[in-house]
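Student: Sending over a structure as structure tokens; questions will come in a sec.
The values are calculated or read from the model by the stated rules, or taken from the named source; none is laboratory data. Values in this document were obtained by computation on a predicted structure and should not be read as measured data. Note that we place each Cβ from the backbone using ideal geometry, even for glycine, and neighbour counts take in every protein chain shown.
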Amino acid sequence: MTSLSNPIGVHALVWVGDTAPASVDLAVERTKSSGYDLLELSLHDLDHLDVPRARAALEAAGLQVACSRGLAFDADVSSDDLAVVERGATLLRESLAATVGLGGRILTGALYSALGKYPSPVTERGRQNAISVLRDLAREAGAHGLPIGLEICNRYETNVVNTTRDALRLADAIGEDNVVIHLDTYHMNIEEEDLVRPVWEARDRLGYVHIGENHRGFLGSGHLDFRAFFHALADVDFRGPITFESFSSAVVAPGLSADLAVWRDLWDDGEALAGHARRFLATQLETAATRA
């Protein structure tokens with residue numbers, strides 16, 4: 001692994017709460033001026049996203065793009081209700097079309113369930129419904145040369161995939177080569193034994209990484225062992241995107257903020273936050289590359 005071989009990204013919710021044209025323009029401008037290589041767009045606001053316009057802005061800025069989303073309980077592909085499953089499948093197909101239209105390099109997120117706290121474990125029927133939908137989605141994405149990411153989220157946001165081993169089992173069940181694992185240090189802090197073993201478990205199947213503090217604020221202000229995590233990434237020669245993700249009630253995305261329980265201001269200056277994160281990530285990558 002060579003220094004800064006990974007594209008370094010930032011989540012658009014650091015800048016704006018929606019994907020209306022003016023918001024996308026602002027996110028693109030600030031992502032570029034802060035020195036990032038990639039902008040991650042959440043597709044929770046898909047109805048307001050002007051895909052051709054956004055693609056033109058991203059290409060003019062020389063930025064890569066990744067897309068992510070979760071689902072709602074009335075469009076949950078892990079539901080036992082086939083009408084609910086079909087609504088979720090439709091949203092995923094629309095999200096894939098938007099990702100392709102944007103020139104995105106991955107569609108990822110909690111694609112396998114609603115984003116929220118469940119009152120009981122997923123049923124076997126619900127799990128099989130999610131597998132069937134994601135298999136079809138992966139095959140369609142594969143025709144465009146696009147990977148599908150399974151983001152591992154904590155127990156308060158899904159009952160389907162909470163650990164790397166859960167994600168690997170789901171990917172095996174889907175059975176398509178373009179299904180990759182998406183690690184997120186915020187969720188790993190809650191569900192995994194440490195930040196190293198999951199990297200080795202995912203290894204060659206690791207396709208995308210979210211970097212977030214244990215409280216989702218300024219990197220380095222919490223207790224996560226980022227040094228060990230980045231050294232593990234270097235050890236398995238991970239070269240995919242590494243994207244900074246942070247949420248604050250200073251930037252409100254209606255609905256999504258409630259789903260993620262964003263109740264307080266962890267920061268109020270996105271530019272200061274993102275600039276610090278860009279430097280922090282570069283330092284971690286350079287240090288890990290030297291060791292590797």
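Student: Given the criterion at pLDDT below 95, crowded, with 17+ Cβ neighbours inside 10 Å and either of a type outside the set (A, V, I, L, M) or touching a strand residue (DSSP E or B) at 6+ places or on another chain (Cβ under 8 Å) (or both), identify the matching residue among E213, E201. Give the derivation first.
Tutor: Working: E201 fails: at pLDDT below 95.
After ruling out the rest, the residue left standing is E213.
Student: When the stretch 123-132 is examined, which residues are found to be surrounded by 15 or more Cβ atoms within 10 Å (Cβ to Cβ) and out of contact with any Phe, Trp or Tyr (no Cβ under 9 Å at 6 or more places or on another chain)? Before you say what the answer is, go through the steps one by one.
Tutor: Just the residues of the stretch 123-132 that are surrounded by 15 or more Cβ atoms within 10 Å (Cβ to Cβ), to begin with: 126-127, 129-132.
Listed by number, the residues that qualify are G126, N129, S132.
Student: Follow-up. Taking the stretch 136-154 on its own, how many of its residues are part of a helix (DSSP H, G or I) and either free of Cβ contacts under 8 Å to residues at least 12 places away in the same chain or touching a strand residue (DSSP E or B) at 6+ places or on another chain (Cβ under 8 Å) (or both)?
Tutor: 3
Student: Could you please let me know if E176 is touching a Lys or Arg at 6+ places or on another chain (Cβ under 8 Å) and outside any helix (DSSP H, G or I)? Reasoning before the result, please.
Tutor: Working: touching a Lys or Arg at 6+ places or on another chain (Cβ under 8 Å): yes; outside any helix (DSSP H, G or I): yes.
So E176 passes the test.
Student: Which residue pairs have Cβ atoms closer than 9 Å, lie 6 or more positions apart in sequence or on different chains, and pair a first residue in the stretch 276-292 that is over 18 Å from L38 (Cα atoms) with a second residue that is modelled with pLDDT of 95 or more and surrounded by fewer than 15 Cβ atoms within 10 Å (Cβ to Cβ)?
Tutor: Qualifying pairs under 9 Å: T287/R227; A288/R227; A292/D237.
Rundown of residues vs (1) in contact (Cβ under 8 Å) with a residue 12 or more places away in the chain; (2) buried (at least 17 other Cβ atoms within 10 Å of the Cβ); (3) within 30 Å of G275 (Cβ to Cβ), yes/no style:
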site: A12; (1), (2), (3): yes, yes, yes
site: D50; (1), (2), (3): yes, no, yes
site: R53; (1), (2), (3): yes, no, yes
site: S79; (1), (2), (3): yes, yes, no
site: V85; (1), (2), (3): yes, yes, no
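Student: If you take the residues of the stretch 24-48 that are closer than 20 Å to G275 by Cβ and of a type in the set (G, A, S), which of them is farthest from the chain's Cα centre (by Cα)?
Tutor: Here the answer is S33.
Student: Residue check, S5 against (1) farther than 19 Å from L107 by Cα; (2) of a type outside the set (D, E); (3) not in a loop (DSSP other than H, G, I, E, B), all met but one. Which one?
Tutor: Every listed condition holds for S5 apart from (3).
Student: Looking only at the stretch 165-196, count how many residues are basic (K, R) and free of Cβ contacts under 8 Å to residues at least 24 places away in the same chain. Outline the logic, then answer.
Tutor: Pass one, the stretch 165-196, residues basic (K, R): 165, 169.
Filter once more, so that each one left must be free of Cβ contacts under 8 Å to residues at least 24 places away in the same chain: 169.
Of the residues in the stretch 165-196, 1 are basic (K, R) and free of Cβ contacts under 8 Å to residues at least 24 places away in the same chain.
Student: Looking at the stretch 101-122 only, could you name the residues that are buried (at least 19 other Cβ atoms within 10 Å of the Cβ) and either touching a Lys or Arg at 6+ places or on another chain (Cβ under 9 Å) or among the small types (G, A, S) (or both)?
Tutor: Answer for the stretch 101-122, where residues must be buried (at least 19 other Cβ atoms within 10 Å of the Cβ) and either touching a Lys or Arg at 6+ places or on another chain (Cβ under 9 Å) or among the small types (G, A, S) (or both): L102, G104, L107, T108, G109, A110, L111, Y112, S113, A114, L115, G116.
Student: Which ones in the stretch 76-124 are assigned to a strand (DSSP E or B) and under 19 Å from D47 (Cβ atoms)? Working first, answer last.
Tutor: Narrowing the stretch 76-124 to residues assigned to a strand (DSSP E or B): 107-108, 114.
Selection gives L107, A114.
Student: Right, here's the next one. Spot the failing condition for S5; the list is (1) surrounded by 15 or more Cβ atoms within 10 Å (Cβ to Cβ); (2) in contact (Cβ under 8 Å) with a residue 60 or more places away in the chain, and only one is missed.
Tutor: Failing condition for S5: (1).
Student: Taking the stretch 156-173 as the region of interest, how many residues are out of contact with any helix residue (DSSP H, G or I) (no Cβ under 7 Å at 6 or more places or on another chain), more than 15 Å from H210 (Cβ to Cβ) and part of a loop (DSSP other than H, G, I, E, B)?
Tutor: Number satisfying all stated conditions: 2.
Student: Right, another one. Is it true that some residue in the stretch 215-227 is in contact (Cβ under 8 Å) with a residue 12 or more places away in the chain and part of a helix (DSSP H, G or I)?
Tutor: yes
Student: Of the conditions (1) surrounded by fewer than 16 Cβ atoms within 10 Å (Cβ to Cβ); (2) at pLDDT below 95; (3) over 23 Å from L107 (Cα atoms), A289 fails just one. Which one is it?
Tutor: Failed condition: (1).
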